[in-house]
Every structure is written in structure tokens, then in C-alpha cells.
Amino acid sequence: AAAFGLTDGAADWARRTVNGTALRETQGFLGGQSLGALSFGDQVDSRALTVGSEHQFGNGVSFALSGTVGRSNSNANAGQGLLQVGQDGVTTTAYQAAVAKTGLFGKTDQLRLTFAQPLTVENGRLEVQTFDVVDRATGQLGLVADAIALNGARRRHVAEMIYATPVFKGAGDISFFGQVDTAPLLTPNETAHTMGLRFTSRF
């Protein structure tokens, strides 16, 4: 893996960033592991570019926005497994917007709201190499590629809210967390709601 980043923070109230990533995955694809007969092999190269900006509006209000576009392709120079990324590659996207406010009810409490689309496949396919009859006259067997489209899944969005405030004159902190996930990984057809409360004390 290789990564680079550039940050422009010349203005006190604004900051812009550009980040790039190059990744070669061994027996995997976009973080998913593959083993045995359906191994990808050492063959998947991914490139991603992330552009973001953050602005301070005064009175403790800030806004941040970032977006990512990625591209994954099979590495033709590596050994090919039975499971491969399609010849046209796979395009992925992700984005996040966040608004934060410091000093909402007191001087040091903070509220943060975020809305994001996690990594999503926009287009592309996988190819599964299977043995099949390639010559009907002789019955000769050979490898045949069957395509599996990757862009039919429900688009996932995640909204989060975090509120934190110090208590007991700074000797402790209490925070509340809430999340709505429109397509969680384990149950993608159901919307998930998560809430939590945390209290910490220093002594």
C-alpha cells in the first residue's frame, strides 16, 4: 500500500485536503478475504482519491465535507484465480458531511451531526471461472467466465449524532450517541437504530 496527502491550511477559517491511496490486495478485494478454490490470488489493484474541505464559521460552528472515488482492476501480471474482477474494473464511491457546534448549552459541550455513504460499488462485476463444455462436437472442457454484477445492492446511508459535555466541574464527561443505518451489513434490507450513553470520571 502507498498513500499521499496534501493540505492547504493558509486560511484560519478553512482547510482543504487531497489524499490518494494505491493498494494491492493479496487474496482479497476491497477488504474482503478470499481463500481456497475461489481465491482472487495476488491480482487486485485499487486506486482511490479523496477530496475534502473543512470550514470554521465562528461561534464554535464548523462544517466538513469529503468525497472518495476509487477504481479496482485485476493485475494481469499476477497469477489468476478462479474469482476475478471483470475486465472493465470496479468503480466505488463514498462521501461524508459533518456539522459540529461547540458551546451549545455551555462553554465546552459539543454536538456533532454526520451523514455518510460508506464505500459503495457504483458499477462493475466479478467473473467466476468454471469448467464447462467449450466444444459441443468433441465435448472438450475448458474454463468459462460467468459474470456477477456488483451494483444491484441497496445504497447504504448512515446518519450519526454525538453530544458530549463535561460534568462535575470537569472531573467527568457524559456523552450520548445515536445512529441510523439504512442498510446494515448483517441485515441490509432493514434499517438499524443504535443508541448509547457513556459516562467517564477522573479521580
Residues in the stretch 1-22 that are open to solvent by 60 Å² or more (accessible area, probe 1.4 Å) and touching a residue at least 24 places away in the same chain (Cβ under 8 Å): how many?
-> 6
Subset tally (residues that are at pLDDT 90 or above and hydrophobic (A, V, I, L, M, F, W, C)) for the stretch 184-203 = 4
Matching residues, the stretch 89-123, being among the charged types (D, E, K, R) and either at positive phi or modelled with pLDDT of 95 or more (or both) = K101, R112
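Would you check which residues across the stretch 139-152 are among the aliphatic types (A, V, I, L, M) and either open to solvent by less than 50 Å² (accessible area, probe 1.4 Å) or at pLDDT 90 or above (or both) and list them? Let's see the steps before the verdict.
So the first thing to find is which residues in the stretch 139-152 are among the aliphatic types (A, V, I, L, M), and the list is 141, 143-145, 147-150.
Of everything in the stretch 139-152, those that are among the aliphatic types (A, V, I, L, M) and either open to solvent by less than 50 Å² (accessible area, probe 1.4 Å) or at pLDDT 90 or above (or both) turn out to be V144, L150.
Looking at the stretch 54-68 only, could you name the residues that are open to solvent by less than 50 Å² (accessible area, probe 1.4 Å) and either in contact with a Leu (Cβ under 8 Å, 6 or more places away or on another chain) or outside any strand (DSSP E or B) (or both)? Reasoning before the result, please.
In the first step, residues of the stretch 54-68 are kept if they are open to solvent by less than 50 Å² (accessible area, probe 1.4 Å); the result is 55, 58, 60-62, 64, 66-68.
Matches in the stretch 54-68: G60, T68.
Let's see how each residue does on (1) open to solvent by 50 Å² or more (accessible area, probe 1.4 Å); (2) charged (D, E, K, R); (3) in a loop (DSSP other than H, G, I, E, B); (4) farther than 30 Å from V99 by Cα:
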| residue | (1), (2), (3), (4) |
| --- | --- |
| E127 | no, yes, no, yes |
| A137 | yes, no, yes, yes |
| R154 | yes, yes, yes, no |
| A164 | no, no, no, no |
| I174 | yes, no, no, no |
| F177 | yes, no, no, no |
| V180 | yes, no, no, no |
| T194 | yes, no, no, no |
| L197 | yes, no, no, no |
Unmet criterion (only one of (1) surrounded by fewer than 11 Cβ atoms within 10 Å (Cβ to Cβ); (2) touching a Lys or Arg at 6+ places or on another chain (Cβ under 7 Å)) for L185 | (2)
Taking the condition at pLDDT below 80 and under 22 Å from the mean Cα position of the chain (by Cα), does Q80 pass?
-> no
Residues being of a type in the set (V, I, T) and touching a Leu at 6+ places or on another chain (Cβ under 9 Å): count how many of those fall in the stretch 153-203.
-> 3
Does L126 qualify as being among the aliphatic types (A, V, I, L, M) and either on the phi > 0 side of the Ramachandran plot or at pLDDT below 90 (or both)?
-> yes
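The values are calculated or read from the model by the stated rules, or taken from the named source; none is laboratory data. In this text the structure is predicted, and so the values were computed from the model without any measurement. Here the Cβ is made from the backbone with ideal geometry for all residues, glycine too, and neighbour counts use every protein chain on show. Note: accessible area is taken over every heavy atom of the protein model, side chains too, but ligands, DNA and RNA are not part of it. Shrake-Rupley method; radii C 1.70, N 1.55, O 1.52, S 1.80 Å.
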